[in-house]
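Got a structure here, written out as structure tokens. Questions coming.
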Amino acid sequence: MRQGTINNYIKFSKSFGGVRKCYEGKPTIAVGGFMCEPTLMPVAPNVMAAGTLVYADEQARTIVPIYTFKVKSVDASENKITIEKFETGTIAKVGMKLLVVGSDLAQAVSNLSTVIAIDSSNADYDVLTVDAVSTGGSTSYTEVTDTTGKNPKTEGWYEDNAGATLTTDETPDNQKTYYKKVVTSGTAFVAQGDVLAEAESASVKKIKAIPNGLTYCDNVLDPDAYAIDIDYIWNCMEKPVLERRMPPLTASLKKALRDNECYFRFSNRK
């Protein structure tokens, strides 16, 4: 956590740039309020960070966050993706359909990863269990023929050849047949260093919206809220925007901001 007032440590800030101070200068806020559906917000007490990409609809006066995630590592054998996180907490949700952000945001991708479970116990990263990180692979279960001196539980053996039941036995039971999982790697479509974002839907495999702004400050949803207003910015040219203090960006996402007449001078300085 970063130091707040006096001796307090805070998780979010309503000041511009948020708790991570990602804006060196005071940015230009779009006029008026923009309503965000509560279901699009991180689960409290997790926080939408300042500098989060958004799509704001000027006519409807609504706003859609576009969450991005930097991939730390991928475990293809277990369909797990480890993503970076910072002080504002866990942003990913079960059910999210994630794609790798490419060079052309208008281009549909071939594959998505749907989040099935999230391990958020580490302060520096989240581990997402997804339905797939590769294509063309296979999983099978083969019978263990030699159990001598082995701990079935430690070995991660199964008690059926469909892999439905991991054994709890710590010593071999002669009345049981054990199976081990054999995973044949396919072609991975998620890799370390990739930036992930939410897809529009399972059938429309494009980024959920083209960004036209960044959030002004950190935003957290009150548990009793039925709606939330989000301020967004479109201009901060006087002083740099520190992109290492905000959710990850790609060259294509920056280009989308420029194409939507947003004016930011990004800096890699921490």
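The values are calculated or read from the model by the stated rules, or taken from the named source; none is laboratory data. The structure presented is a predicted model; accordingly, all values stated were derived computationally and were not measured. With ideal geometry, Cβ positions are generated from the backbone for all residues, glycine too; neighbour counts draw on all protein chains shown. With ligands, DNA and RNA removed, areas are computed over all heavy atoms of the protein, side chains included. Shrake-Rupley method; radii C 1.70, N 1.55, O 1.52, S 1.80 Å.
Among (1) farther than 26 Å from residue 132 by Cβ; (2) in contact (Cβ under 8 Å) with a residue 12 or more places away in the chain, which single condition is residue 64 missing?
With (1) farther than 26 Å from residue 132 by Cβ; (2) in contact (Cβ under 8 Å) with a residue 12 or more places away in the chain applied to residue 64, the lone miss is (1).
Same structure again: Mind counting the residues in the range 229-263 that are in a strand (DSSP E or B), touching a Cys at 6+ places or on another chain (Cβ under 8 Å) and open to solvent by 20 Å² or more (accessible area, probe 1.4 Å)?
4
All but one of (1) in contact with an Asp or Glu (Cβ under 8 Å, 6 or more places away or on another chain); (2) farther than 22 Å from residue 63 by Cα; (3) assigned to a loop (DSSP other than H, G, I, E, B) hold for residue 266, so report the exception by its number.
Residue 266 satisfies every listed condition except (3).
Please state which of the following conditions residue 166 fails to meet, knowing it meets all the rest: (1) out of contact with any helix residue (DSSP H, G or I) (no Cβ under 9 Å at 6 or more places or on another chain); (2) surrounded by fewer than 15 Cβ atoms within 10 Å (Cβ to Cβ).
Result: residue 166 fails condition (1) only.
Just to be sure I understand the filter: pairs with C-beta atoms under 6 Å, separated by 6 or more residues or on different chains, first member in the range 135-150 and over 30 Å from residue 113 (Cα atoms) and among the β-branched types (Val, Ile, Thr), second member outside any loop (DSSP other than H, G, I, E, B) and open to solvent by 80 Å² or more (accessible area, probe 1.4 Å). Which pairs pass?
144/180
Given (1) surrounded by 13 or more Cβ atoms within 10 Å (Cβ to Cβ); (2) modelled with pLDDT under 95, identify the lone condition not met by residue 179.
Unmet for residue 179, out of (1) surrounded by 13 or more Cβ atoms within 10 Å (Cβ to Cβ); (2) modelled with pLDDT under 95: (2).
Next question. Is one or more of the residues making up the range 23-33 within 16 Å of the chain's Cα centre (by Cα) and not in a loop (DSSP other than H, G, I, E, B)?
There is no residue in the range 23-33 that is within 16 Å of the chain's Cα centre (by Cα) and not in a loop (DSSP other than H, G, I, E, B).
When you go through (1) in a loop (DSSP other than H, G, I, E, B); (2) free of Cβ contacts under 8 Å to residues at least 60 places away in the same chain one by one for residue 87, which number turns out not to apply?
(2) is the only condition that residue 87 fails.
Restricting the range 55-78 to residues that are over 12 Å from residue 126 (Cα atoms) and in contact with a Ser or Thr (Cβ under 6 Å, 6 or more places away or on another chain), which is surrounded by the most Cβ atoms within 10 Å (Cβ to Cβ)?
Only one residue fits best here, namely 65.
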